[in-house]
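To start, the structure itself, in structure tokens.
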4 protein chains.
Amino acid sequence: MNDLSIEHGRSIDVLCLGRAGVDLYAAEENTDITEVASFKKFVGGSPANIAVSLARLGGRAAIISVVSNDGLGRYVVDYLNQQGIDIKAVRFDASGARTSLAITEMKPTEGEVVLYRNQAADLQLSMDDIQLDHIAQAKILLVSGTALSKSPSREATLLSIEHARSVNTFVVLDLDYRAYSWASEQEASLYYQIVARASNVIIGNLEEINILSTHASLEYDMQPNKLEAFLKPYFQGVAELIIVKRAEGGSLAFTKDGRCLKQGVYSVSVKKPFGAGDAFAGTLMHGLIKGLDIETCIRRGSAAAAINVSRDSCTEAMPSLTELLSFMARNEQTKFK
Amino acid sequence: MNDLSIEHGRSIDVLCLGRAGVDLYAAEENTDITEVASFKKFVGGSPANIAVSLARLGGRAAIISVVSNDGLGRYVVDYLNQQGIDIKAVRFDASGARTSLAITEMKPTEGEVVLYRNQAADLQLSMDDIQLDHIAQAKILLVSGTALSKSPSREATLLSIEHARSVNTFVVLDLDYRAYSWASEQEASLYYQIVARASNVIIGNLEEINILSTHASLEYDMQPNKLEAFLKPYFQGVAELIIVKRAEGGSLAFTKDGRCLKQGVYSVSVKKPFGAGDAFAGTLMHGLIKGLDIETCIRRGSAAAAINVSRDSCTEAMPSLTELLSFMARNEQTKFK
Amino acid sequence: MNDLSIEHGRSIDVLCLGRAGVDLYAAEENTDITEVASFKKFVGGSPANIAVSLARLGGRAAIISVVSNDGLGRYVVDYLNQQGIDIKAVRFDASGARTSLAITEMKPTEGEVVLYRNQAADLQLSMDDIQLDHIAQAKILLVSGTALSKSPSREATLLSIEHARSVNTFVVLDLDYRAYSWASEQEASLYYQIVARASNVIIGNLEEINILSTHASLEYDMQPNKLEAFLKPYFQGVAELIIVKRAEGGSLAFTKDGRCLKQGVYSVSVKKPFGAGDAFAGTLMHGLIKGLDIETCIRRGSAAAAINVSRDSCTEAMPSLTELLSFMARNEQTKFK
Amino acid sequence: MNDLSIEHGRSIDVLCLGRAGVDLYAAEENTDITEVASFKKFVGGSPANIAVSLARLGGRAAIISVVSNDGLGRYVVDYLNQQGIDIKAVRFDASGARTSLAITEMKPTEGEVVLYRNQAADLQLSMDDIQLDHIAQAKILLVSGTALSKSPSREATLLSIEHARSVNTFVVLDLDYRAYSWASEQEASLYYQIVARASNVIIGNLEEINILSTHASLEYDMQPNKLEAFLKPYFQGVAELIIVKRAEGGSLAFTKDGRCLKQGVYSVSVKKPFGAGDAFAGTLMHGLIKGLDIETCIRRGSAAAAINVSRDSCTEAMPSLTELLSFMARNEQTKFK
């Protein structure tokens, strides 16, 4: 049982807003990108990954995004549709923007990723793409912070949150902060704070949590009690749950009623670092909607993250509920450090 | 023997100006891009292809271009360097531009190509990248018309031609007209005419030749005598040779002294349509520099084009001189239609 | 007496954020701009006008703005300084932006105004121009809505309000909605709603109040009880006072404790329509800071507005306190219609 | 008699391409702009000034330009029309561009000029605004170099010259180089050289002539024999006359047949420095069209320049033919220094 203010009688579990794109993963492992001979094609992008995570677990996911009107855009939409995700709010753009594309090495850590995001289609999302009725059908609106990085996607995202507020749709903000997407750190910090104050759940790693400080003067590796003090003002607003991911160190979850939950991780052999956070977020929300208590939701999230990074893509690596529970039955979490 | 005004005592045969990028070719043939599972990585881009064609035949090629400062940019430069091409005028850009990228189906005709050219690195070529001394070392400056499509590459290209004029470097213009690169057809037509008037050789297919008309009122499929009248004014300036490629129909070559040379093509089983023109241009210039007569140069060019399209990339499909001559010994051209 | 949550022990009465520019008023009255032979030079721009209004009444005003680094920019800053306004937060911009310029006919109504606001200096205000310490010294931060219309001024304005919130500086939002400044009505509506929710006082005319509706579906001429219902949600947040100006019809003031105050106007012979709202806002804030009750503040504001439009500029037409009280002693308000 | 290749049987004497705008001159002389109380309104802009000069002398002038669709734009067009200038190729722009505006002190030298040219209407001139038929009706196309400084005006200007070439309209290039209009000096130099090579007459002062050097390494104050060597290549193309203005020092005129004509100036009491060059160019072309010998044309031009700077605007200060001849009868030129 959790007591989050999620409205349950709605047809969409999670409506994910933000990018959906193509990942080209090196076919050869542990090889520099200059030497890679070929790449395998997958769907990717954080909000798309989260939607797939939800769908694999049996949840009803939908996505609000923009892709280019070409073969790669059609591929993304076809794939999401095949996963059972509602794609009616995905627009094909013919203005010259291009579907987000990531070309990556396949290395456990520090693999190079070449991103093609100049005039990215997803950042062409506009206020006209945001429908109040659609948002009103969702239990949760999942917002990827990167969608705030540029206009007109910024305004579309702000509007989606205004709408969510007006129809009691629960807002989950995945900070998803990538400095290269933003004009400046201070601009990122400004918009993140405005949106975080309107969100019911905030999820991020330690680096991302720092962006919520106007002066970005936080120590990167804050201790739990300092973090708690830093995040407290959000709980005076609408925030109900804030989760801080600390990679190998495990995660911290702060709640409106003042609790601080700590958990370790599941240790696995890592193929690539991507996808862990998205598997976590999708699985967490799946549990929250099912009414599971927060600790169980986080534990499931960390298990899904571990499964994901041990496989060789993001979307295709998302576990089903059976796989997830089976994995958790066979493995134990490390201790929180 | 040809009597073109090429200066021979120079260390670079052809200095190619324009894009050098990455081609990702579908690993599966005759498959829609939405269904393709993986892609093979090659270097591509018309001027890069032409430089490779020259180098494979034993010529000394150099390239003026810009790539992004990442793994794909390094790959392009490493590959060109390995082919023996002078890459000292290739700049790594760290402004956020990206190496030109083409993701293509592998089909004989009408395969879909998804281009990533928003803020393309090659179009960031600037006047500061153009060195008079470098141009003065080249027998030929090969200009790809696409380099004129946007600033600052437009001004860099215009300056390279001003420099070439001042040091008697022979200018070959490959029209390479791609409507999507340009703000408008009339803007393309304007700059193409300005540059064509300053070029010693002009190469293009029938559609491209049309762009030289201010009013774009030409019939697409002009007859030779109409073409001759249309092109005549260029011969009153510095033009010495104009070649019009008519695909399966063969090619027409007009000369300053009023000749019109007609040739057929070599018939092969086509894997993909790309690369034919670049193989033609590189092989043609190789012959011109060797002092071969124009008809022989064109015949070799058409043979190289045929070899290229029968293989499964652009750069790697460029024939060596031995392969070229062996192919020509075993095959015959069709008649000009 | 009023019970607004203004912090009184601070050195600046009102810190005005937004444009400060030049007005060139036709020297000949009732003449079309094509026929006007010469123009008189004044300082103008809504926040500058408000600052001057405050200063003339004896208040301590400051201004945050950007002007161009040329004779007109120097003129604006010199003038404001001479009025006793703190100009330390006015930046001279040398990037090519230009001081806001309005060239106007001198007609009682519907005079043509030609605005030069392409790359306007004031809209170059950036987050770096916003100092927390400065805002902490002010009793009131007066924000002109036009400062939200474009980046980077938009982000600077949002940041100034974040800062004001963090140091309990009272925020007065003058809607100042001018459709031509904005990319779209829906974008204006979005940002106006975000900022209005963070403001303690909101001032606007009926048309401007409409921009607070997402769907802009309000009747332009709403009745008081409808207006009250529409504005109610703001009072559930931080709003304490909302004033709706109805031109000749008088004004409505809604308060957090549920009152609706209605007042008429002072009738005068009008020379030009500009400046009324700014005189009103400056005089209102002067009274609020003095602790006068809201009805008196509004009555003084309407008197100052009347005095302003009967004279032939905006800034130079702002009354002193003596002039204001003398005018009110000699004249009576019309009834609210 | 002059032997320039001007086609005489045409209805328009000079078609002037470039800006037409508003000048606001300080009503008080020798006063800093911060202190000026009012400004007088005039039409200005180099090509407009030149057209007015022609018209005042009895010539048939036309203008190709863009103004904003507001009172100032209408004023410019009305005024030019009243001067008898053909204004059918002046477009009213409603895209948000603004009529070029100069606000100036009235000082003999070094008066400050504040220019409002952000998104200037005249630089919105586009290829669609250029009509071959119109150019074919003109004896001379007068091109102001500033029209080359930005797209789309740049392409419109290049096209006008292409058209002029195709219908034997004589091209006069007034260099009118203003560094602030250009992205860089090297970009200016590139386009100026391209256009200068296509011009029959080139007019500029010493600073402007320097822009024709790729390396801008010229000494500012070149001696006549060095200038002659520098300019010689243009005479190998289509240039017939190149005039270098040296302010108080007088002017040098080089001709295709190798002559170098030197003249002094007329000394007058100067009110403001603007307008001299435009009076010179308009009067020179008036003489050239009348078939007067080049020396007489230049002498008349220098007289018109002197008359202009002794009066208090640009356009209104242009002399009639009677005034011009009377002035020349009463005054003598200084010697060339």
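The values are calculated or read from the model by the stated rules, or taken from the named source; none is laboratory data. Remember, predicted model here, so these are calculated numbers, not experimental data. When we count neighbours, we look across all protein chains shown, and the Cβ atoms used for this are built from the backbone with ideal geometry, even at glycine. Calculation scope for accessible area: heavy atoms of the full protein, side chains included, ligands and nucleic acids excluded. Shrake-Rupley method; radii C 1.70, N 1.55, O 1.52, S 1.80 Å.
In this rough spin-label picture, where each label sits 7 Å from Cα along the Cβ direction, the B:ASP32-B:GLU295 distance is 4.9 nm.
Burial of accessible area (probe 1.4 Å, heavy atoms of protein chains only) in the range B:72-102, relative to its chain alone, reaches at least 40 Å² for B:LEU72, B:ARG98.
The label point for A:SER184 and the one for C:LYS335, both projected 7 Å from the Cα toward the Cβ, are 5.5 nm apart. The slack in the chain from B:SER5 to B:ASN168, taken as 0.36 nm per residue of separation less the alpha-carbon distance, amounts to 57.8 nm.
Here's how it looks for C:SER68: its modeled amide H is under 5 Å from those of C:GLY73, C:ASP93, C:THR99, which are all 5 or more places away or on a different chain.
Using only side-chain charges placed at the Cβ, +1 for Lys and Arg and -1 for Asp and Glu, the dipole size of the protein assembly as shown relative to its Cα centre rounds to 0 debye.
Classification of chain B by its C-alpha gyration tensor yields a rounded form. The axis ratio a/c (a ≥ b ≥ c) stays under 1.5. Ranking C:ASN118, C:ALA138, C:ILE50 by how far each Cα lies toward the positive end of the dipole of the range C:36-160 (charges on Cβ) leaves C:ILE50 at the top. Here each label is just a point 7 Å from Cα along the line to Cβ, and for C:GLU323 and B:ASP128 those points are 5.5 nm apart. Across chain A, C-alpha contacts under 8 Å between residues 6 or more apart give a mean separation that, scaled by the residue count, equals a relative contact order of 18 percent.
Charge dipole of the range C:222-337 (Cα centre as origin; +1 on each Lys and Arg Cβ, -1 on each Asp and Glu Cβ, all else neutral): 300 debye, rounded to the nearest 20. Rounded to the nearest 100, the interface formed by chains C and D buries 2300 square angstrom of accessible surface, both chains summed, with a 1.4 Å probe. Checking the Cα-Cα distances for C:LYS40/C:LYS272; B:LYS107/B:LYS262; A:LYS41/A:LYS150; B:LYS245/B:LYS337; B:LYS256/D:LYS139 against a 22 Å cut-off, the pairs over it are B:LYS107/B:LYS262; A:LYS41/A:LYS150; B:LYS256/D:LYS139.
Averaged over its residues, the protein assembly as shown has an accessible area of 36 Å² per residue, based on protein heavy atoms and a 1.4 Å probe. Averaged over the residues of peptide C:110-116, the number of Cβ atoms from other protein chains lying within 10 Å of each residue's Cβ is 4. Among beta bridges identified by DSSP and lying wholly in the protein assembly as shown, the antiparallel ones come to about 40 percent.
In this view, the solvent-accessible surface of B:TRP182, computed with a 1.4 Å probe and all protein chains in place, comes to about 20 Å². Run the helix sum for chain D: -39,500 (n - 2.57) per DSSP H stretch of 4+ residues, divided by residue count, reported at 222 nm to the nearest 500 deg cm²/dmol. Taken over chain D, the calculation gives -10000 deg cm²/dmol. Remark on the range B:8-57: accessible area falls by at least 20 square angstrom from chain-alone to full-complex state for B:LEU24, B:ILE33, B:THR34, B:ALA37, B:SER38, B:PHE39, B:LYS41, probe 1.4 angstrom. Distances between equivalent label points of D:GLU28 across the copies, with each point positioned 7 Å along Cα→Cβ, amount to 2.3, 7.9, 8.2 nm, shortest listed first. The contact residues of the range B:147-173, meaning those that lose at least 50 Å² of 1.4 Å-probe accessible area when all protein chains sit together rather than their chain alone, are B:GLU155, B:GLU162.
Summing +1 for each Lys or Arg and -1 for each Asp or Glu among the other residues whose beta-carbon sits under 11 angstrom from that of C:ASP176 gives -1.
Per atom type, chain B shows carbon and sulfur on 47% of its accessible surface, probed at 1.4 Å. Dividing the mean sequence gap of close Cα pairs (under 8 Å, 6+ apart) by how many residues the range A:117-157 holds gives a relative contact order of 57 percent.
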